[in-house]
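Step one of this worksheet: look at the structure below.
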Number of protein chains: 2
Amino acid sequence: MQSLKDMGLETSTETREDFVNFKINPSVVVYPRNEKEVVKVVRYAYENRIPIVPWGAGTSLTGAVSCEGCILLDMKHMSNILEINDVDWYVRTQPGVNLEFLNKKLMEKGFFLPPDPASFFLCSVGGAVANSSGGMRGVKYGTFRDWVLSLRVVLPTGEVVQVGEPFRKNRAGYDLVHLFTGSEGTLGVITEIWFRIIPLPKEKMIPIVSFMPDLDSTAGVIQEMRKSGILPEIAEYIDSEVIMALNTQLNAELRESKGGLLMLRVEEHDLEKIKEILGKWHGDVSILNDEEWERLYSLRAQSAIALKAMAKEMYVEDIVVPVSRLMEAVKRLKELERKYQVKMPVIAHIGDGNLHPNILLKDKEIADELFHEVGMIAVELGGSVSGEHGIGVQKAKLMGIQVKRHGGMKVLEIMKGIKDLVDPRGIMNPGKYVELAYNIMKQERNE
Amino acid sequence: MQSLKDMGLETSTETREDFVNFKINPSVVVYPRNEKEVVKVVRYAYENRIPIVPWGAGTSLTGAVSCEGCILLDMKHMSNILEINDVDWYVRTQPGVNLEFLNKKLMEKGFFLPPDPASFFLCSVGGAVANSSGGMRGVKYGTFRDWVLSLRVVLPTGEVVQVGEPFRKNRAGYDLVHLFTGSEGTLGVITEIWFRIIPLPKEKMIPIVSFMPDLDSTAGVIQEMRKSGILPEIAEYIDSEVIMALNTQLNAELRESKGGLLMLRVEEHDLEKIKEILGKWHGDVSILNDEEWERLYSLRAQSAIALKAMAKEMYVEDIVVPVSRLMEAVKRLKELERKYQVKMPVIAHIGDGNLHPNILLKDKEIADELFHEVGMIAVELGGSVSGEHGIGVQKAKLMGIQVKRHGGMKVLEIMKGIKDLVDPRGIMNPGKYVELAYNIMKQERNE
C-alpha cells in the first residue's frame, strides 16, 4: 500500500487484538486527520476492491473489527468535539472522541449523553454509534440508537452524505439514521455525529445495594418492580463469581454473597415500595452514599475486565429475554452449567432482561458449543442474541437463526439487499454481521 | 374487481376525501378481517400490478392516502387490542384501533403511550405508525418512532414478516423497525404493532397558560427555558387568529389575546424559574387547575378543525426549525404574510420548533406558491419541511429539496433504492413520498 503513503496519509503496519482476542492483521493502518483523507482512503479501497475496516478504540466484544489483509482506518486523530449547543440540545463531535471525555465536557455545561457502556472510559463515540451500544442507564434511557440525531458518513463508494437532521422531529423521508446506527462499520465510515443531549436530572436519586439469595429472586424483584410501574435509572446484577473476581483482581473488598448483588438507583418516591419488594424476596438492603455508589458503579463497569483477568480468553454473552421470562432464562442457564460442568459468571443489566453470562475459555470447542446454546435460550424464549454488544463474526449464525425464526428469512434478505445497495463492491467491513448471517442461513437452506 | 369479492372479501366502491380534501377514488375498497385476508389482497394486487393503498382513519394532512383507481385497504375491522403486558411494558395491537381508545385501556392499567397527535380522538394507531406522528407531548416524549418496538408487515410481494422484537434492547441486524415506521404505507401493510408503554408519570405537573405579547417573545421564552435546562412536558402555542377561530367555531370563550397564548405543563421544581422567564418576556401568567387544563388541551387539539371551518380548504404547514432559529423563522413568516397580503394563523408545538402556519385557501395558485415558500424557510434555516405530518404528495418536492441540500442526492437515491428493493413492482401507495421526491429531484437535475 505504498500509494496510500504517497497520498500524504499517515500509515503504519502494526497488528492488533480486540478486547476478546480477535486478531486484526491489516495490510496497512491509515490514520486520517479529516474527512477528506477518509474519502481518499475509501476511494482507493473502492477502486482497488480492498476490504476496509473502521477502528475506534478496539473495545469490540464480537470480532466486529477483526480483519486479515484489510485497510484499517484508525480514527484516533479525528477526536475533536465540534460544538455543544445548549439551546438546540445537541453535541456535534468527531468519531474518535472518548465517551467519558465527552460526557465530562457536557457535564460542565449541565448536560449529559445517557448511554454508558461499561467500556465508557475506553471506547470512542464513533464505535459506540457503529455498535449502537447500551449500558447501565439503558433501562431508563435506552441505547445509543435513541440518542443519535444525525450522521455524516463516507459511503463505501467514497461519496459523502448526511443522514438525519440535528433535531428530534423530522419526517423528511425514510429513517436512515437508525439504519446507519448499529451498522457495525458495514455501511460506511462515520465522520461526524450529532448526539441529542439532555440536562442532568434534577430529581434526587437513591442508590441502593441489595445482597440477594440468588439470581432467581433478583429476577422476581425486577418483575414485581415492573408490575408496580417502577422504572429505575439503573438495575444491575453481578453474581458471586463476579464479586470474587473483583475482590481478587481489583481488591474491591466487596462483601461476599452467595446470591450476588443487585444495585439500583431509583427515584425517592419509589423507595418505600422497592424496599418492600426487596424484603419480600429476601434481599439484604443498604442505602449508599454518593461516594459508595460511585465506587460500586466503577467496579461494576470493570467487572468484565476483572473476570477476563482470571482466564486466558473469555466469551462475553449478551442475550436479552423479555423481563417476564427472566426466571426461565435463569433456570436454563443453570441447566447448561450442570450439563457442561462449568460456571458462567453472570453480569446483568437485569432491569431490561439483558444478561451477560461469561464463558471462561478452557476447551475452545466446548466453549463454542456452550456459547451457541446460551444464545439459543434467547431465541427460544422470544429474546435476542444481542442487546448491546452487536454481532460481528461471533454471533452471526445466532443472529441468522433469531431473525429467520422471529422475523422470517425475508427480513435477512432485505437487510442483505440494503448492504448490497449501499456497498455495491462489498468492501466495507466485509464477511461479518448481516452479510455473514444471511450467507450462513442461505447455505443452511440449500443443504 | 369482481374477483376480490369472489375470494370472500368484504368490498365496496365508495369514494372519500382526507382531512385536507385530497381525493380518494379507488376502483374498490376492501375491508380485510385478518392478516390472511390482507395477504390475499396484496397478492392479487402484486400479481395484477394494481396500486394498493392502506387506509386507517383518513386523517392524513398531506395526501398520503389519496389515490385514483387503487385498491383501498380499509383496516377498520382489524381493531382489536391483542395484549397489554404490564411486565414487559408493551401493548400488542391491530392497526385499526383508535388511539384515544387504546390510551384509555392503557390508563386503566396505569400505563400510557405518550405521543398524542391532535387527531388522537380520530386516528388509527396503524396510521399514526405509518406516519410516525407526533403531538403535544412530543417535546418530552418524542414521536411515534420512539415508541414502536416491533411490527408485523405484509410486504408488497405478499410475504409476511416481523421486524424488531417486542422489547427495547435488540442488536440483531440493521434497524428495520424505524425504516417501516414513517414509511407512509409505501413499504407494506402493517397488520400488528407492539408499542412500548410506560407507567403514568408520578410527578405532580403544573399546567400554566401565559398570554404573550407576540410569537417572537414566545420563541424567546422557549430559548431561555432550553438554556436553563428546563424540559416541559408540553409547550404549545396558538396565535390570536386561532383563538378567534376557537371562539367563533367552538364557543371556546377564550380570552382574546393579540399575541396569542402559550400553554405549558412543567415539573414543580421548574415553576419558579419559568415564571421568572415568562415575566421577563411580558407573559401574563396563570396557573390552571386540572379541569381548566383538560379543557384547554382539548381546545388546542381541535384548533385545526376550528380553523378549517372558517375556510373551504386549508393547507396545514408542518415545518421544524432548530429552536435556536425560531426568531428568524417567525420574522420570515411575517415577511411572507406581508408579501402575500394574507394571514397565516399559527398553531405550534413551539417547544420543539415545530410550527404549523395554516394557509386558508382562496386562490389555489397563490396558496401553492406560499406553501412552497414557507417550506423553504425550514430548508434554509437548517430545519425540516415536516416534523410529524409526513410528506404524501403535498410535500414531496420540498422533501426532495431538503434531503438533497442537507444530506445529498445520494441519500434520496438510497431511499429510492430501498423502496425498489422492498416493493419491486411499485404497487404499494405509489407515486408519493420518497419515490415522488426522488423523481422530482432527478428530473430537475436532468433539465
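The values are calculated or read from the model by the stated rules, or taken from the named source; none is laboratory data. Note that the coordinates shown come from a computational prediction; the quantities given were computed from them, not determined experimentally. Cβ coordinates were reconstructed from backbone atoms using ideal geometry, including for glycine residues, and neighbour counts include every protein chain displayed.
Is there a residue in the stretch A:41-62 that is out of contact with any strand residue (DSSP E or B) (no Cβ under 7 Å at 6 or more places or on another chain), more than 30 Å from residue A:319 (Cβ to Cβ) and surrounded by 18 or more Cβ atoms within 10 Å (Cβ to Cβ)? Yes - at least one qualifying residue is present in the stretch A:41-62. Of all the residues in the stretch A:234-291, those that are free of Cβ contacts under 8 Å to residues at least 12 places away in the same chain and under 11 Å from residue A:211 (Cβ atoms) number 0.
Looking at the stretch B:347-384 only, could you name the residues that are more than 24 Å from residue B:231 (Cα to Cα) and within 13 Å of chain A (Cβ to nearest Cβ)? Answer for the stretch B:347-384, where residues must be more than 24 Å from residue B:231 (Cα to Cα) and within 13 Å of chain A (Cβ to nearest Cβ): B:375, B:379.
The selection criterion, being at pLDDT 95 or above, within 30 Å of residue B:351 (Cβ to Cβ), surrounded by fewer than 20 Cβ atoms within 10 Å (Cβ to Cβ) and under 22 Å from the mean Cα position of the chain (by Cα), holds for residue A:92. On the given criteria, is residue B:398 over 26 Å from residue B:220 (Cα atoms), hydrophobic (A, V, I, L, M, F, W, C) and in contact with a His (Cβ under 9 Å, 6 or more places away or on another chain)? Taking the combined requirement at face value, the residue satisfies it.
Listed here are the residues, each with its yes/no results for (1) under 15 Å from the mean Cα position of the chain (by Cα); (2) closer than 22 Å to residue B:119 by Cβ.
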site: B:288; (1), (2): no, no
site: B:291; (1), (2): no, no
site: B:311; (1), (2): no, yes
site: B:345; (1), (2): no, yes
site: B:355; (1), (2): yes, yes
site: B:393; (1), (2): yes, yes
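The rows are residues; the columns are (1) in contact with a Lys or Arg (Cβ under 6 Å, 6 or more places away or on another chain); (2) not aliphatic (A, V, I, L, M).
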{"residue": "A:5", "(1), (2)": "no, yes"}
{"residue": "A:10", "(1), (2)": "no, yes"}
{"residue": "A:27", "(1), (2)": "no, yes"}
{"residue": "A:34", "(1), (2)": "no, yes"}
{"residue": "A:49", "(1), (2)": "yes, yes"}
{"residue": "A:53", "(1), (2)": "no, no"}
{"residue": "A:57", "(1), (2)": "no, no"}
{"residue": "A:60", "(1), (2)": "no, yes"}
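Scan the stretch A:344-354 for residues that are under 13 Å from residue A:315 (Cα atoms) and in a strand (DSSP E or B) and jot them down. Explain how you work it out, then say what you get.
Initially, the stretch A:344-354 is screened for residues under 13 Å from residue A:315 (Cα atoms), giving A:344-347.
Result: A:346, A:347.
When the stretch A:381-406 is filtered for residues that are in a loop (DSSP other than H, G, I, E, B) and buried (at least 24 other Cβ atoms within 10 Å of the Cβ), the ones remaining, listed by number, are A:383, A:385, A:386, A:387, A:388, A:389, A:390, A:391, A:392, A:394, A:395.
Suppose we keep only residues that are in a helix (DSSP H, G or I) and among the charged types (D, E, K, R) within the stretch A:112-147. Which one would you say is nearest to residue B:197 (Cα to Cα)? Selected residue: A:140. Out of all the residues in the stretch A:114-130, which are aliphatic (A, V, I, L, M) and crowded, with 23+ Cβ neighbours inside 10 Å? Once the filter is applied, which keeps residues that are aliphatic (A, V, I, L, M) and crowded, with 23+ Cβ neighbours inside 10 Å, the stretch A:114-130 yields A:118, A:125, A:128, A:129, A:130. Tell me, please, whether a residue that is surrounded by fewer than 18 Cβ atoms within 10 Å (Cβ to Cβ), within 18 Å of residue B:348 (Cα to Cα) and touching a Ser or Thr at 6+ places or on another chain (Cβ under 7 Å) can be found in the stretch B:258-281. Taking every residue of the stretch B:258-281 in turn, at least one turns out to be surrounded by fewer than 18 Cβ atoms within 10 Å (Cβ to Cβ), within 18 Å of residue B:348 (Cα to Cα) and touching a Ser or Thr at 6+ places or on another chain (Cβ under 7 Å). Count of the stretch B:391-422 residues, restricted to those that are more than 8 Å from chain A (Cβ to nearest Cβ) and without any contact (Cβ under 8 Å) to a residue 12 or more places away in the chain, is 1. Against the list (1) touching a Lys or Arg at 6+ places or on another chain (Cβ under 9 Å); (2) of a type in the set (Asp, Glu); (3) under 26 Å from residue A:122 (Cβ atoms), the condition residue A:86 fails is (3).
Residues in the stretch A:93-116 that are away from chain B (no Cβ under 12 Å) and in contact with an Asp or Glu (Cβ under 7 Å, 6 or more places away or on another chain): A:94 only. Checking each residue in the stretch B:121-156 for being over 26 Å from residue B:323 (Cα atoms) and within 8 Å of chain A (Cβ to nearest Cβ) picks out only B:155. The number of residues in the stretch A:306-343 that are among the hydrophobic types (A, V, I, L, M, F, W, C) and in a helix (DSSP H, G or I) comes to 9.
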